[in-house]
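Shown next, in structure tokens, is the structure this report addresses.
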Amino acid sequence: MNRRKATFTGLKYAAAVILLLISIFPYIYMVLQSLAPWDQVNKVFIPSRLTLRSYIWLFTGTEALVAKPWLRAFLNSVIVSVSSTSLMVLSAAIIGYALAKLPFRGGAFVYNFILFQMFYPAVILLIPTFLLVKAFGWFNTYWAMIVPKAMSVWAIFMYTSFFKSVPQEIIDSARVDGASEWRIIFRIMVPLSKSITIIVALFLFMARWEELLWDLVVVQDTSMRTLNVLLATIQSSYNPYPGPLYAAATILTLPILLVFLAFSRHFSQGIRLVLGK
Amino acid sequence: MEVRGWILTSPYLLYSLVFFAIPLAWSLWLVFTNWNLISPRIDFVGLDNFVRAFKSARVHAAFFSAYRIMGFFLPMVLVQSLAVALLINSLPWGRAFFSVGFFMPYLASGVAVALVVRGILAYNSPAAPIFKALFGTIPNWFGHPVLAVFIISLLIAWKFSGYYALIFLAGLQSIPHELYEAAELDGARFFTKLFRITLPMLYPAFYTVLIMAVGLCFAIFTEPFMLTGGGPGRATHTWYLEIYYQVFQNLRAGYGAAISFINAAVTFTSVLIVRRLMQRWGRALGYE
């Protein structure tokens, strides 16, 4: 009986591992193809030897149709995603604190308005926001990609609900000690909510890094495109060079995966808080 | 307190004014005009945009493609995520590891994944011999309307199943153990426990997942944009593709805005219907 149970458990692990491998197979395929010699790209699952030629070609290639747009695109992605995410997290922590811990007249209205905005269909705002950004003269600039995405009502909501559970005594005693609101937010509230901050920041960064539609329409210059948009729009002209495309896809995907795996310790706890809302 | 609260929330108020209230008002005006983004002339056309959209074959295609994708996507993602959640939950150790692992597809950029999928499904790919052995021929994946919808749905299901699995997993872990112990005393077997305890107790998780999954089907852009361009024969022509095409290719801002209103209304109604159905099921199970 015990033996049967052990076999069954073993089978379950085997099934879990196989399913997991199928799940991450696209990643494995992508990385292997990006490292394959060019005569083997898209022809074999596992290349006979590995080479960095696709990566080198991508960043230094003289054969490129457009001169080295990839490095610039990667930098664009970093600039846009890092500033946008920092602003979203920062503003959400401040506003969430005000809504959760500073009772003020009208606060309930602001909170309800945030809820309304969360469920309001964003698609309706796409076109007018595009026109607005164009009217500001932000077409083809970083501003267009950062400012409209500098605040997230979802993040504000997350912080508000999490901060509500922080005991009021902690804040009161900090105030008695003469701490400013600023200090309370960034020295007490945010450190107390580490796991939620990590998950919120990760989700926001990922969404920003992988945004396609918005970044596609507000930028036309190749030099201003994010890596995601560049990879999406350049594929047809790179048809003879599938290897470098896989390399670009790997460079696009790997940062997110690595950040995620680095923080995966906090993941289980944080995700439960996020899903619980 | 009063003043501080308003000062700290003022960035949000400013942001909402500029990037919510103004665009909202603008969109309400846009839908009644025929503005084409270039012409200095803007005519007020009343409900013309809506009338045209209701008659447009492209909009009809978008309307139906959402439900076609849903028809594949919902069963796929529910079975996958539920299976993964049940499997992870039954493991004595390593649950955190597998949760993280199965969540990884959610992190992928649709653009990168589309590239990989196109490579794998290509006529001369390393996978082609496998398809040939399985189906007798190498399917023209994106040339056949049903296959194209299937592939797009599969991709989206792949992306979201790990995420939804976590919701189910949280639901599974909140089911009291005593229920199973009592059922085992009564001699209940695996399937009895699954259908009489697990699935009904997962109702809140089903509710969350279904609402999210249904809403998603009306906002698909990346996968068809990258892989099918809406084809073949508009089988995968989604709402967002149509809006993108009308506004940013045809420059018909007013018409595009009207379509986005219709899209929002259709999404809202569909989600509402699913909600009602779920609530009916919930009441039958004794949930409020």
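Assorted remarks:
- Helical mean residue ellipticity (222 nm; -39500 (n - 2.57) per DSSP H run of 4+; nearest 500) of chain B: -22000 deg cm²/dmol
- For region B:1-133, the relative contact order works out to 8 percent when only alpha carbon pairs closer than 8 Å and six or more residues apart are counted.
- Look at where the Cα atoms of region B:3-32 and of region A:123-161 average out, and the two centres are 11 Å apart.
- Here the relative contact order of region B:55-285, from alpha carbon pairs under 8 Å that lie six or more residues apart, stands at 29 percent.
- Mean partner shielding of peptide B:14-20, defined as the number of other chain Cβ atoms within 10 Å of each residue Cβ, is 6.
- Order by protection proxy (mean Cβ within 10 Å, highest first), peptides A:148-158, A:98-108, A:175-185: A:148-158, A:98-108, A:175-185
- The interface between chain A and chain B buries about 7200 Å² of solvent-accessible area in total (1.4 Å probe, ligands and nucleic acids excluded).
- For A:LYS164, the lysines whose Cα comes closer than 24 Å to its Cα, not counting residues fewer than 8 places off in the same chain, are A:LYS101, A:LYS194, A:LYS277.
- 10 Å Cβ neighbours from other chains, averaged over peptide A:13-25: 5
- Heavy-atom accessible area order for B:PHE103, A:PHE74, largest first, 1.4 Å probe: A:PHE74, B:PHE103
- Label-to-label distance, B:ILE130 versus B:SER174, with points set 7 angstrom from Cα along the beta-carbon direction: 3.8 nm.
- Taking packing as the residue-averaged number of other Cβ atoms within 10 angstrom, the listed peptides A:79-86, A:118-125, B:256-263, B:41-48 run from highest to lowest as B:256-263, A:79-86, A:118-125, B:41-48.
- Other residues lying with their Cβ under 15 Å from the Cβ of A:ILE188 contribute a combined charge of +2, Lys and Arg counting +1, Asp and Glu -1.
- Where only DSSP H runs of four or more residues are counted, chain A gives -22000 deg cm²/dmol as its mean residue ellipticity at 222 nm, each run worth -39500 (n - 2.57).
- Only protein atoms count toward the accessible area here, which uses a 1.4 Å probe; on chain B, the carbon and sulfur part of that area reaches 67 percent.
- Given charges at Cβ of Lys, Arg, Asp, Glu: the protein assembly as shown dipole, positive-most of B:ALA25, A:VAL166, A:TYR29: A:TYR29
- Kirkwood-Stokes translational diffusion coefficient of region B:130-209, alpha-carbon pairs, 37 °C, 0.692 mPa s, µm²/s: 208 µm²/s
- The mean number of Cβ atoms from other chains found within 10 Å of a Cβ in peptide B:152-159 is 1, as a whole number.
- Reference-scaled alpha-carbon Rg (2.2 N^0.38 Å with N residues) for chain B: 1.24
- Highest-MSF residue in chain B out of B:PHE225, B:PHE98, B:PHE63 [GNM, Cα springs under 10 Å]: B:PHE98
- Relative contact order of chain A, pairs being alpha-carbon contacts under 8 Å that are 6 or more residues apart, as %: 29 percent
- For chain A, built as a Gaussian network whose Cα springs stay under 10 Å, the top-fluctuating residue of A:SER23, A:SER91, A:SER54: A:SER23
- B:LEU74 sits among other residues whose Cβ lies under 15 Å from its own Cβ, and their net charge, with Lys and Arg +1 and Asp and Glu -1, is +3.
- Each peptide among A:38-45, B:133-140, B:29-36 gets the average number of other Cβ atoms lying within 10 Å of its residues, and from highest to lowest they stand as B:29-36, A:38-45, B:133-140.
- Cα extents of region B:241-286 along the three principal axes, largest first (Å): 52, 15, 7
- Out-of-range pairs (alpha-carbon distance over 21 Å; input B:LYS132/B:LYS159; A:LYS5/B:LYS193; A:LYS5/B:LYS159; A:LYS43/B:LYS132; A:LYS68/A:LYS134): B:LYS132/B:LYS159; A:LYS5/B:LYS159; A:LYS68/A:LYS134
- Building the convex hull from the alpha-carbon atoms of region A:2-60 and averaging its projection over directions returns 5.4 nm².
- Residue order for B:GLU223, A:GLU169 - accessible surface, 1.4 angstrom probe, largest first: A:GLU169, B:GLU223
- Distances between placed amide hydrogens fall under 5 Å for B:ARG252 paired with B:VAL247, all partners being 5 or more residues away or on another chain.
- Normalised by 2.2 N^0.38 Å, where N is the number of residues, the alpha-carbon radius of gyration of region A:178-242 equals 1.80.
- Modelled spin-label separation between A:ALA135 and A:ARG265, with each label point placed 7 Å from Cα along the Cα-to-Cβ direction: 5.0 nm.
- Near B:THR33, the amide H atoms lying under 5 Å from its own belong to B:VAL45; only residues 5 or more places off or on other chains count, and H is placed 1.01 Å from N.
- Among B:LEU169, B:LEU210, B:LEU115, the largest mean-square fluctuation in a Gaussian network model of chain B, built with springs joining Cα atoms closer than 10 Å, belongs to B:LEU115.
- Relative to its residue count, chain A spans a Cα convex hull of 203 Å³ per residue.
- What the Kirkwood sum gives for the protein assembly as shown is a hydrodynamic radius of 25.8 Å, with every pair of different alpha carbons counted.
- Seen from B:PHE268, the other residues with C-beta closer than 15 Å to its C-beta sum to a net charge of +2, counting Lys and Arg as +1 and Asp and Glu as -1.
- Region B:194-253: translational diffusion in µm²/s, Stokes-Einstein, Kirkwood Rh over Cα pairs, 4 °C, 1.567 mPa s: 94 µm²/s
The values are calculated or read from the model by the stated rules, or taken from the named source; none is laboratory data. This structure is a prediction, so every number in the text was calculated from the model and none was measured. Neighbour counts run over all protein chains shown; Cβ positions are idealised from the backbone, glycine included. When the accessible area is computed, the model is the full protein with side chains, heavy atoms only, and any ligands, DNA or RNA have been set aside. Shrake-Rupley method; radii C 1.70, N 1.55, O 1.52, S 1.80 Å.
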